[in-house]
Amino acid sequence: MENDEFQKMFSRRCVLCFSLVALMFFSCVLRVAVAAMSDYSAVQQAQSSYRLKAGNLRGTIYDRNMVPLTNAETVTVAAVSPTPRAATAISSVLNGEELENVLERLQSGKPVLCRVPQSIDCDGITCAQVYVHNSSETQAVHMLGYTDHDGHGVSGLEKAYDELLYTDEAVSFVYTMDGLGGILEGIAPTVENKTSIIAAGVVSTLDVNLQTIAEQAAQRLESGAVIIADCATSKIRASVSRPDFDVTNVSAYLNEDGAPLLNRATAAYNVGSIFKPCVAAAGIEEGHAAYVYECTGTCHIIDRDFRCHKKDGHGLMTLQSGLANSCNTYFYNFAFLLGGDNIYHMASSLNFGKAFPICTGLSVAAGSMPKRESLSNIAYLANFSIGQGELLLSPIAMLNLYAAIAGDGGYYLPSLVEATVSDGVRTKVDIGAKTRVMSRETAALLREYLTSVITDGTGVSAAPKTVTAAGKTATAQTGKYENGREICQGWFCGFFPAEQPRYTVIVFSENTEKQTASCGEIFAEIADRVTALEKIDK
């Protein structure tokens, strides 16, 4: 009896265990099946469309009038299906290697992309307009900068505003696929092209018309820079660095002689006599505008002779004639009268020797200034008074001095961006406060003196034919030699019209031996062409 009960209990337990094992097995099978079905569904969903990427989308850099400087061109891109009708149609607009390439790729059985001269109306072909972010004709390439293969900004505004300009979106043709992985015939692809991305971007201070004038004038420099800025605000209307480069083929310029990728508008160089108006401003402010000195051609300082560029001397010089003739010995002695502290203070108030931004993430080189204490040595002070020695400044930094003189004695730091645009909202960029460095009277007197540089002095070649102008020449020594001759850097800094200045212009040549026109002549050309363009009164 007991044995029968044991057998029954054992049988029930076996059945129960078997049932549990079967249930667990069924559950595992069900889970695997569900997982498999889920994976298949995901795969099926992923394979239900076929995407062809026609180009990246990136925000636009505009000029101040909303003329696009990037994304300025569009091309027509065709998505061609592998059908006889589409192949015949594409053969009517392409030829040669382009056509052979397309027909060869169509043999894969999948649609292909190609550029076409115009839209094609044919079953199996879908066309879209695609923006080209940069071209070989892109202007102001050093200020705008360039992007890498991933579409991120590497230099210039492209880098400074990459967070705003960059997107991982693209222009794409999206085809619907059947369950076997083939393209469904008779259904045109969907074109994904978010033009709102193109509309967003950066509004620069540049003016495309002034930029064109500056770039054409700068062709006469082998190496250098040209800047045009608004006198009242110091907003940069044109910026050129020479030599330039093709922004669509940057890699070809990486190791090229002449450093074409260097932005010479923001780099620092020897300045020479264009610094003299800074010394003059300090002297007038200190009440020494009437100082007179007789130039004999030589000035003995400590243990050696410092010479003027005119060996037999200029004779009796006033501050006005000293500037007009760029008399070195006058400025040596004028500086001794002022003392180094007064000149250093004026230069510092102009942000000389300091890096400063022209927009978010983009600054000009600091260059260098002599230490204040070193100017107690009159030999150092003599060199400083004529812009030589340790003084190095960028072409854009020189705008500060000449904008202050052209205006009311104050200046705004140069700027490159007017506003940003995002989601249709334009946000204006604050250019900061004006810094006053001299009185209105001092600025007015210096405008008069710098006008005489062009009418009666060393800057006669800078005289425009159609408008009055004022400014200062310079030939700066570098201490570097090539073929036994010292390399000298040339400058002309000025503004026009002389009486009511509208534009400040800086022209810089890295080597005066390698240019087909003087910096003054280039200034005059720019002044005449801008005057004609904007119909500026004298």
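The values are calculated or read from the model by the stated rules, or taken from the named source; none is laboratory data. Since we're looking at a predicted model, the values are computed, not measured. Here the Cβ is made from the backbone with ideal geometry for all residues, glycine too, and neighbour counts use every protein chain on show. In case anyone asks, the SASA skips ligands and DNA or RNA and just uses the protein heavy atoms, side chains included. Shrake-Rupley method; radii C 1.70, N 1.55, O 1.52, S 1.80 Å.
Tabulated data for the structure shown
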quantity	calculated
Convex hull projection area averaged over all views, segment 260-349, Cα basis, nm²	7.5 nm²
FRET efficiency, 1/(1 + (r/R0)^6) with R0 41 Å, evaluated for Thr478 and Asp178 via beta carbons	0.05
Dipole-positive endmost among Ile284, Ile454, Pro111 within the chain (Cβ charges, Cα centre)	Ile284
Amide H contacts under 5 Å for Thr60, placed H, 5+ residues apart	Ala200, Gly201, Val202
Dipole moment magnitude, nearest 20 debye, segment 215-296 about Cα centre, only Lys, Arg, Asp, Glu C-beta charged	140 debye
Candidate aspartates and glutamates - alpha carbon under 13 Å from Lys194, same-chain residues fewer than 8 apart omitted	Asp168, Glu169, Asp423
Apportionment of accessible area to carbon and sulfur, segment 449-538, percent (1.4 Å)	47 percent
Value of relative contact order over segment 217-356, rounded to a whole percent, pairs C-alpha under 8 Å and six or more apart	17 percent
Percent RCO, i.e. relative contact order, over segment 162-203, from Cα pairs under 8 Å lying at least 6 residues apart	44 percent
Backbone HN-Hα couplings from phi across segment 140-156 [Karplus 6.51/-1.76/1.60, Hz, Gly and Pro as x]	6, 4, 5, 7, 6, x, 9, 10, 8, 5, 8, x, 8, x, 10, 8, x
Inverse mean reciprocal Cα-Cα distance (Kirkwood Rh) of segment 235-276, Å	12.3 Å
Distant-in-sequence amide H partners of Tyr269 (H built 1.01 Å from N, under 5 Å)	Leu393, Ser394
Three-way shape call for the chain based on the alpha-carbon gyration tensor, with the a/c threshold at 1.5	prolate
Karplus (6.51, -1.76, 1.60) ³J(HN,Hα), θ = phi - 60°, over segment 441-450, in Hz, Gly and Pro reported as x	5, 5, 4, 4, 5, 5, 4, 5, 5, 6
Solvent accessible area, Å² - Arg426, 1.4 Å probe, full protein context	130 Å²
Sulfur and carbon atoms: percent of accessible area, segment 195-247 [1.4 Å]	45 percent
Additional length obtainable on full extension of the chain from Val292 to Glu256, 0.36 nm per residue less Cα span	7.9 nm
³J(HN,Hα) computed for each position of segment 103-108 - Karplus, 6.51 cos²θ - 1.76 cosθ + 1.60, integer Hz, glycine/proline x	5, 5, 5, 5, 5, 6
Angle in degrees between helix 519-534 and the longest Cα principal axis of the chain, rounded to the nearest 10	70 degrees
Straight-distance crosslink candidates among lysines, where the alpha carbon sits under 22 Å from Lys535 and sequence neighbours closer than 8 are dropped	Lys235, Lys465
Three-way shape call for segment 266-309 based on the alpha-carbon gyration tensor, with the a/c threshold at 1.5	oblate
Centroid-to-centroid separation of segment 126-156 and segment 520-538 [C-alpha atoms, Å]	31 Å
Probe 1.4 Å, accessible area per residue of the chain, Å²	48 Å²
Set of aspartates and glutamates with alpha-carbon distance to Lys434 below 13 Å, sequence-local pairs under 8 removed	Asp408
Calculated FRET efficiency for the pair Glu222/Asp168, C-beta based, R₀ 35 Å, to 0.05	0.30
Point-charge dipole on Cβ atoms (K/R +1, D/E -1) for the chain, about Cα centre, debye to 20	800 debye
Global form of segment 371-526, assessed from the alpha-carbon gyration tensor, a/c cut-off 1.5	rounded
Tail beyond 15 Å, pair distance distribution of segment 386-431 (Cα, percent)	62 percent
Mean Cα-pair separation over length for the chain, i.e. relative contact order, pairs under 8 Å, 6 or more apart, %	14 percent
Alpha-carbon centroids, segment 426-476 and segment 355-407: separation in whole Å	17 Å
Calculated FRET efficiency for the pair His345/Thr212, C-beta based, R₀ 51 Å, to 0.05	0.80
Stretch gain in nm, segment Glu513-Arg307, where the contour uses 0.36 nm per residue and the Cα spacing is subtracted	71.9 nm
